[in-house]
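The values are calculated or read from the model by the stated rules, or taken from the named source; none is laboratory data. This is a predicted model, so every value here is computed, not measured. Counting neighbours? That spans all protein chains shown, and the Cβs are built from the backbone with ideal geometry, glycine included. Keep in mind that these areas ignore ligands, DNA and RNA; they rest on the heavy atoms of the full protein, side chains included. Shrake-Rupley method; radii C 1.70, N 1.55, O 1.52, S 1.80 Å.
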Amino acid sequence: MLSIEFVRKNLDLVKKSLQDRNSKISLDDFENLDSERRSAITERDNLRAFCNKASLEIGELMKAGKRHEAQPKQQEVAAAKARIKQLEIQIEQVETRLAEVLLAVPNLPHESVPIGPDESANVEVRRWGMPREFNFEPKDHVELGEKLGLVDFERATKLAGARFVVLRGLGAKLERALINFMLDIHTTENGYIEVLPPFMVNSAAMKGTGQLPKFASDLFKIEATDYWLIPTAEVPLTNLYREEILEASQLPISLTAYTPCFRSEAGSYGRDVRGLIRQHQFDKVELVKISHPDNSYEDLERLTRDAESILQRLELPYRVVVLSTGDMGFSAAKTYDLEVWLPSQQAYREISSCSNCADFQARRAQIRFRRAPGQKPEYVHTLNGSGLAIGRTWLAILENYQQADGSCIVPEALRPYLGVDIIKPI
């Protein structure tokens with residue numbers, strides 16, 4: 001969330017940011033409400049000054065025994081105080097409406113972010129690994145998973161509907177193996193603290209990280225409660241420190257968590273409908289950093305490299321792209337996407353987004369720190385990234401390690417977790 005003061009002082013900059021982000025949000029309401037607020041504050045302050053001056057004059061008149069001369073001024077003061085009460089109610093209402101307007105305004109892109117309308121303006125930063133050349137026609141993960149007995153989409157539809165899957169046998173064990181593998185790497189080598197948070201959070205938590213109120217239609221809410229199913233562990237991990245003041249010596253705080261994630265995918269129908277790429281429920285290992293503002297962009301590079309380390313251990317070819325202003329998420333100031341190679345599509349597809357949200361989420365969630373004891377608190381910077389999306393890693397392994405006979409070689413790094421070297425057809 002941007003502060004009222006910042007938007008007021010940098011209105012042209014914020015308008016340009018909205019234009020660069022290809023956003024349809026207008027700041028006309030902000031300008032009108034802010035003008036109304038300042039006008040009301042000015043009138044209130046003038047009336048308070050009048051009341052203070054008049055009260056002194058009334059006191060002098062009363063001391064001099066001129067009660068009849070004091071009465072008109074007393075009536076004026078009473079009327080002014082009544083008007084002040086009205087103005088204070090008006091100011092409070094306007095400030096509430098201003099906050100609602102600002103809750104819908106996305107973060108400002110960092111100066112290093114490429115400007116462009118959509119993903120076509122994303123810029124490739126680097127690649128790792130070479131896509132495998134097959135001497136046969138590679139199958140996609142759906143066909144492979146069904147022939148290997150790893151997935152059951154038909155029964156999942158019976159249980160819950162479209163965009164769900166049942167994993168069976170080694171398919172389920174591969175999911176669990178990936179979760180444990182990723183958590184082990186992040187906690188023992190990359191320096192993260194493992195957390196197992198609730199999978200439901202309240203509205204304040206969703207508001208703190210920017211899911212509410214703008215993206216309510218993308219979420220699942222528990223009826224007749226204030227609980228929401230989390231769309232990502234970013235929400236509970238970041239909100240662990242909501243309304244807290246940290247010390248600079250605590251930063252950065254690096255957290256990782258496995259959670260299921262729940263998304264309604266409103267507006268995404270017709271995209272990635274086949275297989276595991278876009279599901280209503282999926283597993284993910286998340287990385288979150290609560291960072292010092294002076295170091296947050298260095299921390300973003302570290303977090304991105306930490307996510308990359310998983311792909312490198314699994315020997316999956318990928319590339320890193322920096323997202324353009326028009327393709328970036330609502331809360332992000334800068335985002336790197338990791339895109340893994342999928343042979344069936346002959347394309348790189350997103351498997352992780354690593355973002356620095358600067359103080360955007362911290363302002364919403366009131367997460368602050370002190371540079372030194374006794375100093376005024378400042379907002380931290382919050383970062384998050386997938387380390388990685390389990391389902392997309394699962395399918396990338398099947399597609400990249402498939403063999404001509406329909407079997408799938410298990411990456412060497414996963415063999416201790418899965419207990420087999422190869423997944424064979426039933």
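Listing for the model above:
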| quantity | calculated |
| --- | --- |
| Count - residues of region 118-161 that are of a type in the set (D, E, K, R), open to solvent by 70 Å² or more (accessible area, probe 1.4 Å) and more than 20 Å from LYS424 (Cβ to Cβ) | 7 |
| Boolean, GLN74 is touching a helix residue (DSSP H, G or I) at 6+ places or on another chain (Cβ under 7 Å), touching a residue at least 24 places away in the same chain (Cβ under 8 Å) and not aromatic (Phe, Trp, Tyr) | no |
| Residue within region 67-77 that is outside any helix (DSSP H, G or I), of a type outside the set (S, T, N, Q), open to solvent by 60 Å² or more (accessible area, probe 1.4 Å) and at pLDDT below 95 present | no |
| Only listed residue being in a helix (DSSP H, G or I), in contact (Cβ under 8 Å) with a residue 12 or more places away in the chain, within 30 Å of GLN366 (Cα to Cα) and of a type in the set (Asp, Glu), chosen from ASP12, ASP45, ASP34 | ASP34 |
| Members of region 213-234 that are in contact (Cβ under 8 Å) with a residue 60 or more places away in the chain and not aromatic (Phe, Trp, Tyr) | PRO213, LYS214, THR232, GLU234 |
| Positions within region 332-357 being more than 14 Å from VAL113 (Cα to Cα) and open to solvent by 10 Å² or more (accessible area, probe 1.4 Å), in sequence order | GLU339, TRP341, SER344, GLN345, GLN346, ALA347, TYR348, ARG349, GLU350, SER353 |
| Candidates PHE282, PHE330, filtered to the one that is assigned to a loop (DSSP other than H, G, I, E, B), among the aromatic types (Phe, Trp, Tyr) and farther than 24 Å from THR188 by Cβ | PHE330 |
| Test set (1) at positive phi; (2) among the polar types (S, T, N, Q); (3) open to solvent by less than 10 Å² (accessible area, probe 1.4 Å) - GLN402 fails condition number | (1) |
